[in-house]
Amino acid sequence: KRPDWPQRVYAYRAYPQEEIPQALWDTARAMQDLWNTLVALREETRRDAALWKKLAAQSEWREEAAMLGQCPLIEANIKLTWRQFESQAQTAVKASGLNWEAQAEVMDRFRRAAKKAGKEGAMLRVHHRLDRMNLCHRFTGGGLPVEKFFAQKHAHRVVLNALPADIYDLPSHQRQKVDMAVGSFGLDNGANLSFRCHIHRPLPAGYIKKVMWVGDYQRGRQKPWWWHLQFVIESAPKVMIRSDTTVAGLDLGWRVMGEWSYVRIGMVVDDHGRAYELRLPLNPIPSRFRDWKGMYADFFGLIRLDEEIGDAVEDCKAQLRMLLPKLPAGFVQMRQNGLQILLRTLDQAGIENPAQRGKIRAVLQAWQKRSDKFHSIKVTQQGRIVRWKTHLYRNFAKWLTTTYQTIVWEGNLGIKQMAEQVPPEMANAAKYRQWVALSELRTCIRHAAQKNGCEIVDGEAAYSTLACSFCGAVQQRNRSLILICENGHSEDQDMRAARNLLFSQTSGVPRQET
């Protein structure tokens with residue numbers, strides 16, 4: 001009903017006041033089973049469609065089909081295959097036993113993920129373990145006004161008491177003691193989950209589309225499940241008042257700088273001549289994203305963890321060489337999976353001496369315990385560092401979209417081509433490319449631009465790095481950081497690209513940068 005209004009998600013930490021009802025676990029597992037069923041149906045349909053395309057590509061079959069008048073049936077069969085998938089998916093949804101809200105939630109998430117995977121040519125993930133749940137209550141008719149939500153007669157199956165508005169005028173250390181709300185979340189079979197919720201910021205004016213009870217499994221914690229109450233709110237777009245300006249050119253990439261202390265992820269140049277370098281630090285990260293395992297609390301700590309896991313494998317193999325009477329096939333290249341298979345099949349390995357078999361089992365079990373320890377630390381630390389990176393990206397996107405009215409960047413950012421043009425001195429550039437995750441950064445900027453009324457313009461990427469931003473002379477491809485054109489103009493490669501993107505949108509020349 002309000003297509004121009006953006007939807008925002010407001011998440012609040014929730015604390016259950018009683019044991020989690022069994023109805024919640026049953027619903028979560030049923031939603032996961034439905035997801036896995038849809039993924040299996042999609043992969044089967046993709047294989048059938050690929051088979052038809054393969055048959056269509058065979059010249060002999062094409063000629064024979066043309067003689068029989070069946071050539072137009074090739075495309076028709078592919079379309080029929082996907083229509084059958086839609087029918088099978090609807091049947092699976094109806095047979096799941098879930099209520100209409102859970103069915104719609106699974107289908108919405110599946111369609112978005114399938115659309116994204118189709119563009120990238122990827123496969124959807126099958127979830128074998130329940131590590132995340134998302135139960136929701138939806139409000140039809142365009143949504144429920146926020147002010148009516150806190151009136152219990154309008155709350156339907158979600159109840160949350162309202163907090164006084166003046167508590168948000170208190171200092172943060174005082175507000176934390178009084179901003180805890182009490183509520184309940186309705187489940188199937190009439191069950192209710194009572195909880196306390198930390199409302200650290202007020203809900204904005206708008207319409208609530210749905211309320212979600214979200215759980216994340218954090219491995220290695222005493223209480224592994226983290227719970228949140230999330231509101232999807234449709235609110236009026238913000239009207240940003242900017243004092244000056246206006247247009248900025250943004251060049252994204254990855255380049256290790258500062259003696260391997262940070263990665264430059266982009267350069268920003270605006271029409272006032274100001275230039276900013278965007279940095280993603282590698283070491284260290286802020287203390288609130290760290291824990292007592294400080295030696296692993298940065299990007300290089302994850303590399304050390306991988307080395308520790310690899311050393312554990314090699315130490316185990318060195319001990320097995322002295323105990324095994326005959327080395328199994330592929331023992332030299334054997335990694336973690338191979339050792340786990342060897343531990344499971346040790347009884348069928350043909351080792352007759354029970355004492356020797358016991359020693360081998362003890363060595364493998366000691367390795368598995370050591371490896372599980374490092375994997376647990378890696379999962380925890382990697383989650384912390386990724387959350388910190390997301391925090392940086394969102395803050396940068398907010399600053400960029402509230403500072404400038406228009407942002408010009410490369411519309412078709414070829415990550416693979418950029419990876420092939422990385423300077424040779426970056427020996428391990430691939431791991432930094434995956435760590436930087438430019439697609440995540442671009443997504444954050446797009447979402448922030450939609451919220452803050454900023455326009456994103458796809459600039460002309462051709463010769464953005466090779467053409468001099470002062471005189472326009474085009475030089476040969478050069479992988480050095482500082483580029484010098486034939487007229488003697490020297491400038492940073494990334495700054496040159498950002499300037500040229502800016503010039504593609506503006507006719508004026510910016511003043512000298514500060």
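The values are calculated or read from the model by the stated rules, or taken from the named source; none is laboratory data. All values derive from a computational prediction rather than experimental measurement. Glycine gets a Cβ as well: all are built from the backbone with ideal geometry, and neighbour counts include every protein chain shown. Protein only, heavy atoms only, side chains kept; ligands, DNA and RNA dropped before computing areas. Shrake-Rupley method; radii C 1.70, N 1.55, O 1.52, S 1.80 Å.
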Estimated inter-spin distance, Gln88 and Tyr15, nm [label 7 Å along Cα→Cβ]: 4.8 nm
Arg132-Ser504 pseudo-label distance in nm [points 7 Å out on the Cα-to-Cβ vector]: 3.3 nm
Accessible area of Asp166 in the full protein assembly, 1.4 Å probe (Å², nearest 10): 100 Å²
Segment Ser490-Arg201, length gained on full extension (0.36 nm per residue, minus Cα span): 99.2 nm
Accessible area (Å², 1.4 Å probe, nearest 10) - His489: 60 Å²
Set Lys53/Lys79; Lys326/Lys359; Lys148/Lys209; Lys209/Lys451; Lys79/Lys115; Lys210/Lys389 screened for pairs whose C-alpha atoms are more than 19 Å apart: Lys210/Lys389
Fully extended contour minus Cα-Cα distance, from Arg157 to Arg321, at 0.36 nm per residue: 52.8 nm
Förster-model FRET efficiency, 25 Å R0, Leu481 and Asn283, C-beta, rounded to 0.05: 0.70
Residue-wise HN-Hα coupling along the stretch 180-187, computed from phi with Karplus coefficients 6.51, -1.76, 1.60 (Hz; x: Gly, Pro): 9, 9, 10, x, 9, 10, x, 10
Under 5 Å, built H, 5+ apart or other chain: amide partners of Glu410: Leu252, Gly459
Label-point separation, Asp26 to Ser376 (7 Å along Cα→Cβ), nm: 3.3 nm
From phi via Karplus (6.51, -1.76, 1.60), per-residue ³J(HN,Hα) for the stretch 137-144 in Hz, x at Gly/Pro: 10, 9, 10, 8, x, x, x, 9
In order through the stretch 364-377: 3J(HN,Hα) via Karplus (6.51 cos²θ - 1.76 cosθ + 1.60), integer Hz, x for Gly, Pro: 5, 5, 5, 5, 5, 5, 5, 5, 4, 4, 5, 5, 5, 5
Loop-resident sites, the stretch 183-263, for trypsin sites (Lys or Arg not before Pro), counting at most 16 other Cβ within 10 Å (DSSP): Arg219, Arg221, Lys238, Arg242
Added length on full extension, which subtracts the Cα-Cα distance from 0.36 nm per residue, Leu438 to Phe150: 99.7 nm
Cα pair distances of the stretch 77-118 binned at 10 Å [whole percent]: 26, 50, 22, 2
